[in-house]
């Protein structure tokens, strides 16, 4: 008499549950919430990223300019530029010198702004899904690194109103990298074009202002 073995249990749901990763918004908030001190260093952020590397770092560094937090654009723009250059040259893991890793953010100052930004980010995450895979290949990511390097340098410039649009673009690029969503990459590209147009407008108005002053005084 043959014994009928029970069919193997469908382990897909168990595997999915065990391998499910937190959303980007949840992961960033957890890094600040679980830090024991009054300040959070970039070292803690990097160590808390897991294997998401560059993408979630760009989200973290761009969010203060989306809120925005006054006077922080240069503080986050420099490490963003370093990480973008590393991605451009094909590094798979982010690296920072010790001095920048020890750069810290006060919880009391950052958490209220960060919480608001995370709430907005969580709403966007509901619409993100893998699409247009040709825009998130390793070569495409290197090109994105070049664009984010340009945007990071823009964020370091002392230009009024020049932070919000490029920072949104960086967040879109980063979410596209993390979730393999080419549509988010396209939106990030559109934000970068708008940033460039704004810079050209500022440059034009600056030249016109200088020309006017020269005519006035000469």
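Packing around the peptides 122-130, 173-181, 37-45, taken as the average count of other Cβ atoms within 10 Å per residue, puts them in this order, highest first: 173-181, 37-45, 122-130. With the convex hull of its Cα atoms as the shape, the chain has an orientation-averaged projected area of 17.8 nm².
When each of the peptides 93-104, 202-213 is scored by the mean number of other C-beta atoms lying within 10 Å of its residues, the order from highest to lowest reads 93-104, 202-213.
For region 55-160, the C-alpha radius of gyration sits at 1.14 times the compact-globule guess of 2.2 N^0.38 Å, with N the residue count. Regarding region 94-215, what is the average projected area of its C-alpha convex hull, in nm²? Computed as one quarter of the Cα hull surface, the answer is 10.3 nm².
Read-outs: derived from the displayed coordinates by stated rules, not from any lab. Nothing here was measured: the structure is a model prediction, and the numbers come from that model. With ideal geometry, Cβ positions are generated from the backbone for all residues, glycine too; neighbour counts draw on all protein chains shown.
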